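Report on one structure; see the data block that follows.
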Amino acid sequence: MIVKKNILNIYYLFLLSHLTLWTLVPTFSNINLPLDTIEALAWGSNLDWGFDKHPPFSAFAVELFFFIFGSNDWAYYLLSQLFVIVAFIYVWKFSNEILGSKALSLISLLALEGIFFYNFTTPEFNVNVSQLPFWAMTVYFFWKSLKTNNKTFWFLFGVCSALGFLSKYLFVYILFSLFLYLLFNLKKYKNQIKNYFFSVIVSLLILTPHFIWLYENNYSTITYGLRRSSLGNIEFIGHLINPIIFIFNQLIILLPFLVMIFILLKQVKFLKSKNQKNTFLFAITFLPIILILFTSFLTGAKIRTMWMTPFYLFFGVFFIDYFKKYIDFKKFKRFFFIFSFLFILSPTLYLSISLVDETKRTDYPGREISRLVQNKWDDNYVNEIKIVIGDEWSAGNLSYHLKSRPVWINDLGKKITEIKDNQGVIYTGNPNILKKICPGIFGSIKPVGYCMIGKK
């Protein structure tokens with residue numbers, strides 16, 4: 001049995017432990033930041049309202065942290081965990097309102113440790129992690145808005161909706177699910193419609209710069225997403241196979257979570273409930289998954305596993321609410337044992353893999369390569385390095401580690417011969433090609449080739 005006076009202590013201890021553990025473990029086990037984090041930092045060095053792969057919010061976030069903390073790897077692991085923790089806080093706040101019990105709310109939150117999206121994969125700050133707090137906050141503020149029709153909540157719902165969309169376009173699945181819920185309950189919430197459109201206007205105002213950027217850049221972000229989904233190369237069988245593969249992968253991912261839930265139950269009995277609360281829980285848990293599954297079936301698109309990162313945030317609330325009549329608190333010790341086991345197992349596995357596998361991106365000697373490049377530059381040129389040109393990984397690492405924090409840009413077809421020495425430029429790429437065309441100082445540090453063009 002959960003002792004009531006200890007519930008909040010367990011809750012705060014869980015948040016603090018999760019934050020600390022998943023900040024420190026990757027900090028001490030990784031040589032280099034992960035690919036997606038370096039990618040976001042590359043974008044952040046050259047901020048814009050969009051990039052070829054994704055909308056800009058993740059770049060905004062890392063650039064803010066770079067301004068404060070510089071090139072300290074631990075800061076970006078901390079950033080990622082702060083996003084996770086904020087998501088957890090709003091799941092907790094929402095579950096308290098839905099479940100009406102802090103004990104049940106605690107169980108619904110702790111159960112999320114059974115989903116590896118919220119532990120093992122979180123050290124890599126990327127667009128998937130960037131969505132997490134806004135997904136949770138959007139749901140929470142939408143619920144509060146419906147219940148109170150308070151304009152402040154509607155405003156916050158609009159802001160969080162926009163920021164979530166600026167994190168990743170897949171955020172549209174939760175927004176559309178909430179819209180459908182409102183549409184099918186129009187009679188009940190007819191007085192809220194005016195404020196709902198107010199929140200839409202707030203979102204659109206925030207999104208306007210990004211929409212302008214999309215128009216000016218030939219909708220490159222959207223076309224990238226379509227390519228990643230393998231659209232255009234799908235045979236008819238793919239319309240059947242890809243959704244089946246998707247369902248199978250999700251069941252595997254959810255298995256530890258489901259074990260944690262069902263071990264608490266006296267019996268498993270499927271209930272029929274049609275009240276508004278249950279309908280809303282269905283709308284925020286299963287409806288986004290149904291919609292993305294339908295997308296896969298309709299288009300044949302491959303839904304990549306990591307894209308589902310925010311989709312399961314409220315699964316704990318749903319299942320605990322659904323089966324709460326059958327929860328046996330005498331089994332909490334068993335539940336807590338499994339939770340503790342998974343809580344320790346995930347970072348242990350992460351640490352083990354980091355130490356054993358030496359072929360990972362996080363073993364890339366980005367800092368050492370940057371030091372050697374910087375020394376070579378300082379020996380030959382008097383001006384600072386202002387620009388690095390190349391792919392997000394090799395050039396992005398240089399942008400992150402070099403002392404002048406040069407701006408990263410992609411090649412964009414810019415000819416190396418057009419670069420002026422007073423710009424302070426390093427061009428990275430294939431060493432065999434660069435060696436032949438470099439008008440400045442050529443160097444190679446496996447596997448990176450670089451061409452330095454500066455002022456002597």
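Brief remarks follow.
- For the range 21-50, the set of residues classified as buried (at least 24 other Cβ atoms within 10 Å of the Cβ) and either free of Cβ contacts under 8 Å to residues at least 12 places away in the same chain or more than 21 Å from PRO133 (Cβ to Cβ) (or both) consists of ILE38, ALA42, listed by residue number.
- Considering LEU175, LEU180, LEU204, the condition of being part of a helix (DSSP H, G or I), farther than 21 Å from LEU291 by Cβ and within 25 Å of the chain's Cα centre (by Cα) is satisfied by LEU204 alone.
- Hits in the range 70-85 - residues which are among the aliphatic types (A, V, I, L, M) and in contact (Cβ under 8 Å) with a residue 60 or more places away in the chain: LEU82, VAL84, ILE85
- Selection count where residues are touching a Ser or Thr at 6+ places or on another chain (Cβ under 6 Å), more than 12 Å from PHE83 (Cβ to Cβ) and in contact (Cβ under 8 Å) with a residue 40 or more places away in the chain, scope the range 118-161: 7
- Residue within the range 141-148 that is β-branched (Val, Ile, Thr), assigned to a helix (DSSP H, G or I) and farther than 18 Å from THR285 by Cβ present: yes
- Restricting the range 329-346 to residues that are exposed (fewer than 14 other Cβ atoms within 10 Å of the Cβ) and hydrophobic (A, V, I, L, M, F, W, C), the residue that is nearest to the chain's Cα centre (by Cα) is ILE344.
- Of all residues in the range 51-69, those satisfying the criterion of being of a type outside the set (Phe, Trp, Tyr) and either touching a residue at least 12 places away in the same chain (Cβ under 8 Å) or surrounded by 19 or more Cβ atoms within 10 Å (Cβ to Cβ) (or both) are ASP52, LYS53, HIS54, PRO55, PRO56, SER58, ALA59, ALA61, VAL62, GLU63.
- Those residues of the range 431-449 which are under 38 Å from the mean Cα position of the chain (by Cα) and aliphatic (A, V, I, L, M), in sequence order: ILE433, LEU434, ILE445, VAL448
- Unmet criterion (only one of (1) modelled with pLDDT under 90; (2) in contact with a Lys or Arg (Cβ under 7 Å, 6 or more places away or on another chain); (3) closer than 21 Å to LYS53 by Cα) for ILE409: (2)
- Pairs are defined by a Cβ separation below 9 Å, a sequence spacing of at least 6 or placement on different chains, a first member in the range 253-281 that is under 21 Å from LEU183 (Cβ atoms), and a second member that is modelled with pLDDT of 90 or more and part of a loop (DSSP other than H, G, I, E, B); the pairs so defined are GLN276/ASN185; GLN276/LYS188; THR279/ASN185; PHE280/ASN185; LEU281/PHE314.
- The set of residues from the range 286-328 being under 18 Å from the mean Cα position of the chain (by Cα) and either acidic (Asp, Glu) or in a helix (DSSP H, G or I) (or both) comprises PRO288, ILE289, ILE292, THR305, MET306, TRP307, MET308, THR309, PRO310, PHE311, TYR312, PHE315.
- LYS188 being charged (D, E, K, R), assigned to a helix (DSSP H, G or I) and on the phi < 0 side of the Ramachandran plot: no
- Complete set of residues in the range 369-392 that are touching a residue at least 60 places away in the same chain (Cβ under 8 Å) and in contact with a Leu (Cβ under 6 Å, 6 or more places away or on another chain): ILE385
- Boolean, ASN96 is among the polar types (S, T, N, Q), more than 23 Å from ILE38 (Cβ to Cβ) and surrounded by fewer than 20 Cβ atoms within 10 Å (Cβ to Cβ): yes
- Qualifying positions in the range 361-393 - closer than 30 Å to GLY114 by Cβ and loosely packed, with under 15 Cβ neighbours inside 10 Å: ASP363
- Tally of residues being under 17 Å from VAL382 (Cα atoms) and not charged (D, E, K, R) across the range 443-456: 4
- Matching option when the condition is at pLDDT 95 or above, closer than 25 Å to LEU251 by Cα and either surrounded by fewer than 22 Cβ atoms within 10 Å (Cβ to Cβ) or touching a His at 6+ places or on another chain (Cβ under 6 Å) (or both), among ILE85, ILE115: ILE85
- Within the range 54-110, the set of residues being in a loop (DSSP other than H, G, I, E, B) and within 13 Å of the chain's Cα centre (by Cα) comprises HIS54, PRO55, PRO56.
The values are calculated or read from the model by the stated rules, or taken from the named source; none is laboratory data. Please read these numbers as outputs of a predicted model, since none were measured by experiment. Cβ sites come from the backbone with ideal geometry, for glycine too, and all protein chains shown count toward neighbours.
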